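None of the figures in this text is laboratory data; all of them are computed from the coordinates on show. Here the structure is a predicted model, which means the values were calculated and not measured. Reconstructed Cβ throughout: ideal geometry from the backbone, glycine too, with neighbour counts over all protein chains shown.
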Amino acid sequence: MIPRTGVFLCLMTMSMMISAAEGLISMQSPHSATATMDKLKTVVKDKGLKVFARIDHAGGASAIGESLRPTELLIFGNPQGGTPFMQCAQTVGIDLPLKVLVWEDVEGQVWLSYNDLHYLADRHDVPDCKAVKNIAGALDGIAKTVVSP
């Protein structure tokens with residue numbers, strides 16, 4: 001008989017694999033949506049990346065008389081990271097610059113979500129592109145910094 005811990009770990013691994021297969025990485029944030037996005041923007045700028053846009057989807061919904069829980073997208077990057085990835089496959093340009101979504105679920109939990117760079121590399125048929133490891137590591141570091149208490 002498999003101990004309960006083993007079954008739990010197996011289910012957790014399957015859950016993470018499903019999430020990775022969908023190509024989206026999501027982390028819970030202990031901050032409000034606005035505070036999470038503000039911190040994200042600050043961390044991104046502090047890392048020397050260019051912020052291209054901050055899109056307030058909830059604000060857009062409000063402008064047409066609709067409601068949407070807090071949902072904001074930050075678009076950012078730099079040529080030093082993106083160019084080597086696009087040199088592996090120019091079609092990667094459809095997924096760049098990088099995007100991070102901060103959103104609040106129905107229970108009020110705030111999330112930070114972004115595309116899994118390894119998933120994108122597979123999508124563009126360049127799973128061995130050396131640039132992916134660097135970009136993925138940088139994005140993961142940014143995300144973890146933002147969701148830290």
If each of T91 and K144 carries a label point 7 Å out from its Cα toward its Cβ, how far apart are those two points in nm? 3.2 nm
Count charges around V132 for me, please; just the other residues with Cβ under 13 Å from its Cβ, Lys/Arg as +1, Asp/Glu as -1. -3
Given charges at beta-carbon only (K, R positive; D, E negative), |dipole| of segment 26-107 in Debye: 420 debye
Once whole DSSP H runs in the chain are found, which of them have Cα atoms spread over 18 Å or more along the helix axis and a mean Kyte-Doolittle score of at least 0.0? 4-21, 130-147
Low-density loop cleavage sites - GluC sites (Glu not before Pro) in segment 27-112, where at most 16 other Cβ are within 10 Å (DSSP): E66, E107
Determine the relative contact order of the chain: mean sequence separation of Cα pairs under 8 Å and six or more apart, normalised by residue count, in whole percent. 29 percent
Rough spin-label spacing in nm, given labels placed 7 Å along Cα→Cβ, for N134 and R69: 3.7 nm
Mind putting a number on the dipole of the chain about its Cα centre? Charges go on the C-beta only, +1 for Lys and Arg and -1 for Asp and Glu, and I need it in Debye to the nearest 20. 460 debye
For segment 62-149 the mean separation of alpha carbon contacts under 8 Å (6+ apart) over residue count, i.e. relative contact order in percent, is 26 percent
Taking every other residue with Cβ under 14 Å from the Cβ of M86 and scoring Lys and Arg +1, Asp and Glu -1, one gets 0
Quick one: if the Förster radius is 25 Å, what FRET efficiency do D125 and S26 give, using the C-beta to C-beta distance and rounding to 0.05? 0.50
Summing -39500 (n - 2.57) over every DSSP H run of at least 4 residues in the chain and dividing by its residue count gives a helix-only mean residue ellipticity at 222 nm, to the nearest 500 deg cm²/dmol, of -15500 deg cm²/dmol
Spatial separation of Cα centroids for segment 109-139 and segment 35-86, in angstrom: 17 Å
Local charge sum around I75 (other residues, Cβ-Cβ under 12 Å, Lys/Arg +1, Asp/Glu -1)? +2
